[in-house]
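Reading through the structure tokens given below for one structure.
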């Protein structure tokens, strides 16, 4: 992200869940490249923004040639995974799935 601000969300059914904000210096889209899957989140500009697009091959070259960048991406992914897990646990507790006579699932 070069400048501006982006909002990252994901739909679960008809509910849009806020995941993160992207600000200058942040990166996003790495999960889709690492897993070779289509984009799974919605990213919208909330202010005039400019982003740098790194092609898939360039991303893999960067990981191969720069251990420092690879380490930072891994740290960021681990932090996001922890944060998203906490976020989803909170959403699940606020809106538990019901079954078996209306009891909340553990």
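The values are calculated or read from the model by the stated rules, or taken from the named source; none is laboratory data. As the structure is a computational prediction, the values presented were derived from the model and not from experiment. Reconstructed Cβ throughout: ideal geometry from the backbone, glycine too, with neighbour counts over all protein chains shown.
The table that follows gives values for the structure above.
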| read-out | value |
| --- | --- |
| Subset of region 19-44 that is farther than 21 Å from residue 55 by Cβ and in contact (Cβ under 8 Å) with a residue 40 or more places away in the chain - its residue that is surrounded by the most Cβ atoms within 10 Å (Cβ to Cβ) | 19 |
| Scope region 17-28; condition modelled with pLDDT of 90 or more and assigned to a strand (DSSP E or B); matching residues | 21, 22 |
| For residue 9: the one exception among (1) modelled with pLDDT under 90; (2) out of contact with any helix residue (DSSP H, G or I) (no Cβ under 8 Å at 6 or more places or on another chain) | (1) |
